[in-house]
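One structure below.
The values are calculated or read from the model by the stated rules, or taken from the named source; none is laboratory data. A quick note: this is a predicted structure, and the numbers were derived from the prediction, not measured. Cβ atoms come from the backbone with ideal geometry, glycine included; neighbour counts cover every protein chain shown. Surface accessibility is based on the protein's heavy atoms, side chains included, excluding ligands, DNA and RNA. Shrake-Rupley method; radii C 1.70, N 1.55, O 1.52, S 1.80 Å.
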Amino acid sequence: MRYLRASELHSSTRRQVGNFLLSCLSTSTPLHIFNPSGCLRSLRRLIHHIVPSLAQYLPSMDSTSWPASVAAILSTMSYAQVVTLLFSLCSAILLLSSRRGKVHFAPVHGFRSVLEPSLFLQARFITTAYEIVGSGYKKFKDTPFLVRRYDNDVLVMPMKYLNELSRIPNKKFDSKAAAVGNFVPEWTGMEFAMETNLHIRVLSNKLTPELSRYLDISRSELEYAWDLEVPQADDWTEVDIQHILRMLIARMTGRIFMGIPACRDPEWINLTIDFAIHLFTAAFSLKMFPRWTLPFIAHFIPARYRVKKHLKKASEFMRQSVQKSPKSLLRGEHGEPAEDETVLLSWMMENGTERETAIPEMAARQCILAVASVHTTAGNATNIIFDLCAHPEWFPVLREEIDHVTQELGKLGEKKDVDTRLWLSRLEKLDSFIIESQRLNPVMLVHPQRVAMEPLTLNDGTRIPAGTHVGWAHHHHVMDPAITPNPEVFDPLRSYRKRHSSPEEMNKHLAGQTEPNRLSFGYGKQACPGRFFAVDEIKTLLVRLLSNYNFKYPQGKNRPKPRYANENVFVDPTARLMMKRKSTT
Ligand code: HEM
């Protein structure tokens, strides 16, 4: 007996297989990934075609073989029965192939009843992670529990273990395995990010130590991009503020990472923005299937092809950028100083290993840097403006602070002897506002996330088996009244008051810092290496926006609700704001 190859399938059957997968998977954003009625319609059509197709193929086999019997049985069943059968089969496959069950000491949380199949809980987690994680946090508080994500279980640890676990070396308790692992790296071309870390070194060793300089460069790009991306809006104008901020941030970060001309090329900017969407969609789709099926299934995932296409395009860009001088990117022909040696790509080319500086890997690394930096920062800045519009009494407070610093130190970037970081650090109320907005609008419900690379035994004897995916319910933690008094109240000066409570507190409670009760940027040695840049970039943007524009919600609209896909949180892509130039009010 030989196996049926895809190429041997009846062409209309193949089309139906394609349609089915497309209706499940080919969406431009992961938020629309589920279209149950579309999927069901396609599945019905698929069954309609696949059964005759199988029958067509069967004569070449022994007529008494089991596939013939199965096909015969299938063709006598109603669609509903076949759907139920397929669903049960998928459940059985998932159950048998899952990497679950390693953590025996922690209960799985979220089942509606003892009869609920595991697959239902996994599917529900996609849209109701907020409720599942929240109720688990309340119920277990001081003991670990498991949440059943579609691809694997995540062991949610109580906060009391955060410090102890964050002291464990990275190679034993790894953030990359969790974060990059979430992108199914072996099928999305992201394996390099598990094995090498030039994208982290460049942030820790170059960007952060020379932050003021890079802030100046990114601000100059903001000025260049302003008229291109920000509408004139002499009268109240409805805008997609998230899009505007995303474009500005993509340009600002593009300038410091890739320099001119790439950061001014619309193709590069769109590539860096879209790559994140395709990567997320591809990973989300791949995680719907057991790992062992991926050598087959992965080829049917359209978003994966978009990821590949983008990586290829990024390689072309990279090749053009480094063509003049293969090793030292922007150095002159005879080794004279670089034309613009501040471009981070230049540092990466000089400090990377041979593997890290190879064109395809460097291109993919720029894409992963964009994934880490653009949507996160744009989402954060968007949420701040949404919060301001929901609480407009804070507009004058923040503007007054900006005016005050401007009077004292001149306009941002105006005086050469005034350090940009220092200027921005004087915006203490804005800093506190950013923290409060992050508290209420997380980018993820469960983080930091780590994977135990070997068995770990904690001080109290708790054992975490190797391979366990671990996370913290940090959002529900900061919404706990025991941690944040009146957690539902939007109180943007919480951190400001803490800082001013005593001289010792003055240098604590800052937006770029991490602490157990504030994990927006993660925690410990593996916390976000771009967080100081992110906070100052947001401040730079807000200084410009608040000084020049007024914002409000369109008539009859108020603060948009977040969207969830598993533990990931997104800004509602349909949300709109009204904006108007200040001078014309
Ligand atoms: C407001 C914007 C941002 C937020 C909320 C954010 C949040 C985070 C979080 C929660 C992590 C995981 C940390 C952990 O596991 O402990 C992370 C990792 C990371 N972030 Fe950010 N980030 C932001 C902006 C940026 C920017 C602007 C950059 C680059 C300039 C950046 C680069 C990275 C990188 C490379 C990692 C991976 C670190 C690793 O694998 O060890 N992020 N970020």
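For (1) out of contact with any Asp or Glu (no Cβ under 8 Å at 6 or more places or on another chain); (2) assigned to a loop (DSSP other than H, G, I, E, B), each residue gets a yes or a no:
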position	(1), (2)
Gly467	yes, yes
Val470	yes, no
His477	yes, no
Thr484	yes, yes
Phe490	no, yes
Arg497	yes, no
- Take the range 443-456 and flag every residue that is touching a helix residue (DSSP H, G or I) at 6+ places or on another chain (Cβ under 7 Å), closer than 15 Å to Met479 by Cα and either within 11 Å of the ligand (Cβ to nearest atom) or open to solvent by 20 Å² or more (accessible area, probe 1.4 Å) (or both). Val443, Val446, His447
- Message: I'd like the residue in the range 371-401 that is in contact with a Ser or Thr (Cβ under 6 Å, 6 or more places away or on another chain) and open to solvent by 10 Å² or more (accessible area, probe 1.4 Å) and, out of all such residues, is nearest to Leu344 (Cα to Cα).
- Response: Ser373
- Message: Taking the condition of being within 18 Å of the chain's Cα centre (by Cα) and open to solvent by 30 Å² or more (accessible area, probe 1.4 Å), how many residues in the range 562-585 meet it?
- Response: 5
- Query: Which residues, counting only those in the range 127-151, are crowded, with 20+ Cβ neighbours inside 10 Å and either β-branched (Val, Ile, Thr) or in contact with a Lys or Arg (Cβ under 6 Å, 6 or more places away or on another chain) (or both)?
  - Reply: Ile132, Val133, Val147, Asp151
- Item | Candidate set: the range 302-325, residues that are surrounded by 19 or more Cβ atoms within 10 Å (Cβ to Cβ) and at pLDDT below 95; chosen: the one farthest from the chain's Cα centre (by Cα) | Val322
- Restrict the check to the range 161-180 and report whether at least one residue is away from the ligand (no atom under 16 Å from the Cβ), free of Cβ contacts under 8 Å to residues at least 24 places away in the same chain and open to solvent by 30 Å² or more (accessible area, probe 1.4 Å). no
- Query: When residues of the range 527-585 are filtered for being β-branched (Val, Ile, Thr) and touching a Ser or Thr at 6+ places or on another chain (Cβ under 6 Å), how many remain?
  - Reply: 1
- Message: Just to be sure I understand, how many residues within the range 239-270 are closer than 17 Å to Val322 by Cβ, open to solvent by less than 20 Å² (accessible area, probe 1.4 Å) and more than 13 Å from the ligand (Cβ to nearest atom)?
- Response: 4
- Residues located in the range 273-295, provided they are open to solvent by less than 10 Å² (accessible area, probe 1.4 Å) and not hydrophobic (A, V, I, L, M, F, W, C): Thr281, Ser285
- Yes/no for Leu493 being open to solvent by less than 10 Å² (accessible area, probe 1.4 Å) and at pLDDT 95 or above: no
- Message: Please go through the range 343-370 and give me each residue that is within 16 Å of the ligand (Cβ to nearest atom) and open to solvent by 20 Å² or more (accessible area, probe 1.4 Å), ordered by number.
- Response: Trp347, Asn351, Glu361
- Task: Output the residues belonging to the range 498-552 that are more than 11 Å from the ligand (Cβ to nearest atom) and among the aromatic types (Phe, Trp, Tyr).
- Result: Tyr549, Phe551
- Task: Mind checking which helices (runs of 4 or more DSSP H) fall wholly inside the range 162-260 and carry at least 3 residues that are of a type in the set (A, V, I, L, M, F, W, C)?
- Result: 175-179, 192-195, 198-202, 211-229, 241-257
- Note on the structure: Over the range 523-559, the set of residues open to solvent by less than 20 Å² (accessible area, probe 1.4 Å), under 24 Å from His509 (Cα atoms), not aliphatic (A, V, I, L, M) and not in a loop (DSSP other than H, G, I, E, B) is Phe533, Asp536, Glu537, Lys539, Thr540
- Query: Does Leu440 count as on the phi < 0 side of the Ramachandran plot, at pLDDT 95 or above, within 16 Å of the ligand (Cβ to nearest atom) and surrounded by 23 or more Cβ atoms within 10 Å (Cβ to Cβ)?
  - Reply: no
